[in-house]
Amino acid sequence: MQRSLFAIFVSLTGILILLKINYNIAEIWSMSGEKTRALFSMVEFGFLYKYSVAAFGITALILTFQAYRRDEDKKWIIISSATGCFALLSTFLKLWKLMV
């Protein structure tokens, strides 16, 4: 059960980092004017480092696969794979639009 719990911890850490980055983007959006909003994708280029957080999701999925190979508890494997997939997918979604 160690690897699956560690995978959950890694993916939750990645999700928290992504929430902070997306909150910063949403904050910039709310303070920007009409001209800046029209070309906001240019502002988002400053936050390209958010895609490096995908490593947390990939690491969590690798740890989940190792936990599956070690026949750990299925409940924790399912939870860790779900959080790992969410951490990986939320990297590529624009969650800041939900915060606006």
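Quick notes on this structure:
- Here the Karplus curve 6.51 cos²θ - 1.76 cosθ + 1.60, taken at θ = phi - 60°, turns the phi angles of the range 56-63 into couplings of 5, x, 5, 4, 5, 5, 5, 5 Hz, with x standing for Gly and Pro.
- Qualifying lysines (Cα of each under 22 Å from Cα of Lys50; at least 8 residues distant if same chain): Lys20, Lys94, Lys97
- Highest average packing first - 54-64, 17-27, 37-47, Cβ atoms within 10 Å: 54-64, 17-27, 37-47
- Cα-centre dipole for the chain with unit charges at Cβ (Lys and Arg positive, Asp and Glu negative), debye to 20: 80 debye
- Restricting the calculation to Cα atoms, the chain shows an Rg/Rh of 1.13 when the hydrodynamic-style radius is the Kirkwood one.
- The long axis of helix 74-92 is offset from the longest Cα principal axis of the chain by roughly 20 degrees.
- Helix 2-31 axis, angle to the chain major axis (alpha carbon atoms, nearest 10°): 10 degrees
- Shown in residue order for the range 46-55 are the 3J(HN,Hα) couplings computed by the Karplus curve 6.51 cos²θ - 1.76 cosθ + 1.60 at θ = phi - 60°: x, 10, 5, 5, 5, 6, 6, 6, 4, 4 Hz (x for Gly and Pro).
All of the numbers you see were taken from the coordinates with simple rules; none came from a lab. Source: prediction; values computed, not measured. As a convention, Cβ positions derive from the backbone with ideal geometry for all residues, glycine included, and neighbour counts pool all protein chains shown.
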